[in-house]
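A.B. asks: This is the structure I want to talk about, given as structure tokens.
The values are calculated or read from the model by the stated rules, or taken from the named source; none is laboratory data. For clarity, every value in this text was computed on a predicted model and none was experimentally measured. For neighbour counting, all protein chains shown are included, and Cβ atoms are generated from backbone atoms with ideal geometry for every residue, glycine included.
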Amino acid sequence: MKPTGKVALGGVLAALSLTFMLLTFFPFATYALPAIAGAVLIPFVVEVNAKSAWLVYAAVAILSLFISPDIEAKTLFISLFGYYPILKSLLERIRSRRLEWVLKLAVFNIAVVVSYLLLLFVIGIDADSFGIVGKYAVYAMLAVGNIVFVLYDITLTSLIALYMRTLHPRVFKMFNLKR
């Protein structure tokens, strides 16, 4: 695989991912756009490899810290959605489906708790700013979040399959990638 193809693909996908993070100023986008921004990295994982995809994730994470307007969206991207498509590719190599799902859910739950603690104690957001649920937001997020996370994972799997059928041959040719 030519290094210029890797760099070009990484740059294009990082820019697209960062564009989604810039759009987080819309109130409804706090959770959806970081998830989409992370999913944008799927082609890089497929076309190049997971190891190199961590660098693209790091670049987008660092840049989103400076230019993304929503602090919650930044935290969610950095603590889960940005790296989850990369980690998913590694976790799905585990032979035991039960262990795979236990690890996926553990990653999600740890990420939600860490995000919540970062928002409260490092960034200094008041627990009451989380609305009606207030200081119990982490419990509500975990209860509803686990169900949504499973749906997100299934959707990512479908997106990967769709990508492999439709866009993979074009991206492969466009960026002059070789196996």
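A.B. asks: Going by the structure shown, is Ser68 more than 15 Å from Leu13 (Cα to Cα), buried (at least 23 other Cβ atoms within 10 Å of the Cβ) and of a type in the set (Gly, Ala, Ser)?
C.D. replies: Judged against the criteria, Ser68 is a match.
A.B. asks: Looking for whichever is acidic (Asp, Glu) and under 14 Å from Met141 (Cβ atoms) here; the options are Glu47, Glu72, Glu100. Which one fits?
C.D. replies: Glu72
A.B. asks: Here are some residues: Val56, Val45. Which one is hydrophobic (A, V, I, L, M, F, W, C), in contact with a Gly (Cβ under 6 Å, 6 or more places away or on another chain), assigned to a helix (DSSP H, G or I) and surrounded by 22 or more Cβ atoms within 10 Å (Cβ to Cβ)?
C.D. replies: Val56
A.B. asks: Take the residues in the range 3-28 that are under 17 Å from the mean Cα position of the chain (by Cα) and β-branched (Val, Ile, Thr), then tell me which one is modelled with the lowest pLDDT.
C.D. replies: Restricting to residues being under 17 Å from the mean Cα position of the chain (by Cα) and β-branched (Val, Ile, Thr), the top hit is Thr24.
A.B. asks: Looking at the range 99-110, is at least one residue in a loop (DSSP other than H, G, I, E, B) and surrounded by 20 or more Cβ atoms within 10 Å (Cβ to Cβ)?
C.D. replies: no
A.B. asks: In the set Arg98, Arg170, Arg165, which member is more than 24 Å from Leu41 (Cβ to Cβ) and either at pLDDT below 80 or not β-branched (Val, Ile, Thr) (or both)?
C.D. replies: Result: Arg98 is the single residue among Arg98, Arg170, Arg165 that is more than 24 Å from Leu41 (Cβ to Cβ) and either at pLDDT below 80 or not β-branched (Val, Ile, Thr) (or both).
A.B. asks: Would you call Ala37 surrounded by 22 or more Cβ atoms within 10 Å (Cβ to Cβ), part of a helix (DSSP H, G or I) and not hydroxyl-bearing (Ser, Thr, Tyr)?
C.D. replies: For Ala37, the condition - surrounded by 22 or more Cβ atoms within 10 Å (Cβ to Cβ), part of a helix (DSSP H, G or I) and not hydroxyl-bearing (Ser, Thr, Tyr) - is met.
A.B. asks: Are there any pairs with C-beta distances below 6 angstrom linking a residue in the range 108-133 that is closer than 12 Å to Ser79 by Cβ to a residue that is at pLDDT below 75 and assigned to a helix (DSSP H, G or I), with the two at least 6 apart or on different chains, and if so which?
C.D. replies: Cβ pairs passing all conditions: Val112/Met141; Tyr116/Val138.
A.B. asks: Give me the residue from the range 14-34 that is aliphatic (A, V, I, L, M) and either closer than 15 Å to Ile62 by Cα or touching a strand residue (DSSP E or B) at 6+ places or on another chain (Cβ under 6 Å) (or both) and, out of that set, surrounded by the most Cβ atoms within 10 Å (Cβ to Cβ).
C.D. replies: Step by step, filter the range 14-34, then rank; the result is Met21.
Let's see how each residue does on (1) small (Gly, Ala, Ser); (2) on the phi < 0 side of the Ramachandran plot; (3) touching a helix residue (DSSP H, G or I) at 6+ places or on another chain (Cβ under 6 Å):
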position: Lys2; (1), (2), (3): no, yes, no
position: Gly11; (1), (2), (3): yes, yes, no
position: Phe20; (1), (2), (3): no, yes, yes
position: Val56; (1), (2), (3): no, yes, yes
position: Phe66; (1), (2), (3): no, yes, no
position: Leu103; (1), (2), (3): no, yes, yes
